[in-house]
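This report concerns only the one structure given below.
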Amino acid sequence: MTIPFGFQTYTWQMSYEKYRDQLDHILTTVTEAGGAGIEPEVCMLGRYTDTPLALLDELDRKGLRLSALCLALEWRHGEETEEERAEADRIIRYLKYFPGTILTLVQLPGKDRSDLVNRQSNALSNINAVAQRAFDQGIPCAYHPNSPSGSIFRVEEDYSVLLNGLDGRYCGYAPDTGHIAKGGMDVEAIIKTYRSMIKHVHFKDMNADGSWTALGQGIIDHKGIVRFLNGTGYDGWIMVEEESKGAESDPDQVTLQNGIYIREALAPLGR
């Protein structure tokens, strides 16, 4: 089995006002970069927000798959708000048109890490509730922690709380190599420790000073991670994104360059 590679739309989302309704353009760039699939955040669906069949047709025309769809909500309370539940259920219905597509769940980071234990408990209750409803509709889920300063699942102690608190019957883990490194952790160690929970993977690279950079130019051993995943029979996607200054100014170009690195350095290791 070959591990498929695709691209996450956050590379363009950093310039949101410019690309908020440019998914067709993004799909074309992903195709040119050699990606097999795409993972948009819900806010990047643009004209496809309420038309899953139209998106399915467009993906078919471009030879792409919707590898995942990312739902990012606040989940600050002990249970979902009415609005959060309605949005999650809408996306679950949307994904029924895309069998096998992963629903990645992300909590929007707060402005700080105050009231951490309570916020972590609330988030886990919400995440597990969404994942169970998705599971009941045949939609696989994975949670994706992030690393801004206000994230409540940011450092190794947080990961222990998170990954022991996810209900593994319904929700897996979507590691992001860049966010793991930004949280001061050993990327390979985290992926190896929680391998049994991994359903989906994000790659992005980071310099030693903590700044983001292009894939293959930073300190993270993505080649070693591909070898490890392949050797353990990983059958999910690897999605690439970039958050560097270059990505902010020219997301198309950095995606094309990352595509070259994937084809030359990473994809051969995933076969």
Practice problem: Report whether or not ASP57 is more than 17 Å from VAL254 (Cα to Cα), charged (D, E, K, R), out of contact with any helix residue (DSSP H, G or I) (no Cβ under 9 Å at 6 or more places or on another chain) and loosely packed, with under 15 Cβ neighbours inside 10 Å. | Solution: yes
Quiz item: Of all residues in the stretch 135-173, which are surrounded by 17 or more Cβ atoms within 10 Å (Cβ to Cβ) and among the acidic types (Asp, Glu)?
Solution: ASP158
Practice problem: Quick one: which residue in TYR97, TYR170, TYR143 is of a type outside the set (A, V, I, L, M, F, W, C), in contact (Cβ under 8 Å) with a residue 12 or more places away in the chain and in contact with a Pro (Cβ under 7 Å, 6 or more places away or on another chain)? | Solution: TYR97
Quiz item: Looking at the stretch 209-227, is at least one residue among the aliphatic types (A, V, I, L, M), part of a helix (DSSP H, G or I) and touching a Phe, Trp or Tyr at 6+ places or on another chain (Cβ under 6 Å)?
Solution: no
Practice problem: Name the single residue, out of those in the stretch 136-172 being part of a strand (DSSP E or B) and in contact with a Leu (Cβ under 6 Å, 6 or more places away or on another chain), that is nearest to GLY100 (Cα to Cα). | Solution: CYS141
Self-check item: Selection within the stretch 75-98 - part of a loop (DSSP other than H, G, I, E, B), buried (at least 17 other Cβ atoms within 10 Å of the Cβ) and at negative phi
Solution: ARG76, GLU80, PHE98
Quiz item: In this structure, is ILE198 more than 19 Å from the chain's Cα centre (by Cα), over 18 Å from HIS77 (Cβ atoms) and of a type in the set (A, V, I, L, M)?
Solution: no
Quiz item: Within the stretch 49-72, how many residues turn out to be closer than 15 Å to ILE92 by Cα and not polar (S, T, N, Q)?
Solution: 9
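Values quoted throughout were computed directly from the atomic coordinates according to the rules given, and no laboratory measurement underlies them. The shown structure was predicted, so the numbers you read here are calculated from the model rather than taken from an experiment. Reconstructed Cβ throughout: ideal geometry from the backbone, glycine too, with neighbour counts over all protein chains shown.
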